[in-house]
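The structure appears right after this line, and notes come after that.
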Amino acid sequence: MGKLDSPQIEKERTRKEIFEAARQLFLKNGYRNTTIKDITGKASLSIGTFYLYFESKGEIYALLTIDFLKYMKTEILKATREKNLSPKKKLSNLRQLFFKMYESDKRILINLIPSRSTDALNDLAPGIARQIKDLSSDCFNVLVTTIQEGMDSKIFRRENPVVIADIIWGIFSALILLAENERMLDNRKDFVKTTLETAMETVYRGINPVI
């Protein structure tokens, strides 16, 4: 039985090697700056072998994006589903989560969030594209729902919750990109946490009810 299973085990091992090589290169260099030749070189495999397992580097990128979005969704739900949390506390938890994701691996957020490399997600199989879209929507909708809860309970003043969610995510994304640009100029500079806390507090004050 072991001998019969051996070819399948070897195929799975090779697939994982290609996948991991691509992951490391995407995180280090970004999607656009990584070629299939780079991936196969790092994995010590031929380009022909690559195409036995994947249709394109975009397919690998899409699978990595799905993994990241699944992780993000799980963590977002953890941050907002505890009992007796006020909407403001939920938003505070999300702020800390966003920073945690940034701190754990800066390149993940820079290179793997779909909006940063939509060209990598073009021409995907419908099932994969749908999964990415659904996971992205699930993550964003938790933020929208939290803001809506705050408005319904009059903790936040009445605004369009989707717009506020867009503003929060836009601020976070912009700060990540700003931090990366500054880091490239000076490795000693990294004020993301302080800046993010100030930005989010400004948003919270902006949506507090007018008394």
Angstrom value of the Kirkwood radius, inverse mean 1/r, which spans all Cα pairs in segment 1-54: 11.7 Å
Binning at 10 Å from 0, report for segment 23-86 what percent of all alpha-carbon pair distances ends up in each bin. 18, 39, 20, 13, 8, 2
Charge dipole (segment 1-54, unit charges on Cβ, about Cα centre) - positive-most of Leu27, Ser6, Ile39: Leu27
For the pairs Lys37/Lys133; Lys88/Lys193; Lys28/Lys100, note any where the Cα-Cα span goes beyond 24 Å. Lys37/Lys133
Between Lys154 and Arg205, what is 0.36 nm times their sequence separation minus the Cα-Cα distance? Round to one decimal in nm. 17.0 nm
Report the FRET efficiency, 1/(1 + (r/R0)^6), for Lys89 and Ala129, where r is their Cβ-Cβ distance and R0 is 35 Å, rounded to 0.05. 0.50
Length gain on complete extension for the stretch Leu177 to Lys193, per 0.36 nm per residue less the alpha carbon to alpha carbon distance? 4.4 nm
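Read-outs: derived from the displayed coordinates by stated rules, not from any lab. Model, not experiment: these values are computed from the prediction. In this analysis, Cβ positions are derived from the backbone assuming ideal geometry, glycine residues included, and neighbour counts consider all displayed protein chains.
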